[in-house]
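**Q** Here it is, the structure, as structure tokens.
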Amino acid sequence: GVQTCALPISPRLLIYMKRFIPYVFLLISSVLSASAYTPDSDGMYAVLDVTYFDPDAWEETTGEIVIQLNYPESPVTVANFVGLATGELPWYDFETQQVRGGPESPAPFYDGLTFHRVVPNFVIQTGSRNGTGNDGPGWQIPNEADPGLNHIGGGVVSMANSSQGETNLNSGGSQFFITMAQ
């Protein structure tokens, strides 16, 4: 069954590049880079700070989830994610019915959200401001399916689309999932 799990997230982005990519650099100019994580390869990484209940220790604890962002294979998706994570991209707040964020007054979209969908041995999903999985940033982005990127096992991240079949293949916006198995 589907479970809700109160794991508030606060994303930070790390950039480890040898090559200069001007569009990405402009987009992430205000990104923080403090993290315990050190990547093995160059690229763009999102580090999600999470708080969760550890049943073994019977206490609340914190940790990191690190996501490598594949800009060359999915530039629109990565730009959208980075813009929402930093708050540099304006987004629509359905609760207040106002546009928030933007370059002049950044408001990070993902801060404080929970993983609203937790299906053991399948996926965990976040990116819903209302915590129910039926909202987003106020727009949709096109799918960027690359044959070299697939769900070969646990730990793969993808944008979530609407669950209404093929008619909504390009319905991603802010929600993403992390696979827990193939």
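The values are calculated or read from the model by the stated rules, or taken from the named source; none is laboratory data. Everything numeric here is computed off the predicted structure, so don't read it as measured data. Cβ coordinates were reconstructed from backbone atoms using ideal geometry, including for glycine residues, and neighbour counts include every protein chain displayed. Each accessible area value is taken on the protein alone, full model and side chains, heavy atoms only, with ligands, DNA and RNA left out. Shrake-Rupley method; radii C 1.70, N 1.55, O 1.52, S 1.80 Å.
**Q** By accessible area of protein heavy atoms, probe 1.4 Å, what ranking do 116, 151 get, highest first? Could the numbers behind the result be given before it?
**A** Details: 116 15, 151 85 Å².
Sorted descending by solvent-accessible area, the residues read 151, 116.
**Q** In addition: Hey, got a sec? Which chymotrypsin sites (Phe, Trp or Tyr not before Pro) in region 56-132 land in a DSSP loop and have at most 15 other Cβ atoms within 10 Å?
**A** Working: sites: 58, 81, 91, 92, 94, 109, 110, 115, 122; in loops: 58, 94, 109, 110, 122.
Passing both the DSSP loop test and the Cβ count: 58, 94, 122.
**Q** May I ask for the net charge around residue 173, where only other residues with Cβ less than 15 Å from the Cβ of residue 173 are counted and Lys, Arg are +1 while Asp, Glu are -1? Can you show the working numbers first?
**A** Details: positive: 100, 129; negative: 93, 135, 144.
Charge balance in the 15 Å sphere: -1.
**Q** How large is the convex hull of the Cα atoms of region 56-107 per residue, expressed in Å³ as a whole number? Mind showing how you got there, number by number?
**A** Working: hull volume 7.5 nm³, N = 52.
Dividing the Cα hull volume of region 56-107 by its residues yields 145 Å³.
**Q** Find the percent of Cα-Cα distances in region 55-152 that exceed 22 Å, and round it to a whole number.
**A** Numbers: 1942 of 4753 pairs.
Summing the P(r) of region 55-152 above 22 Å gives 41 percent of all pairs.
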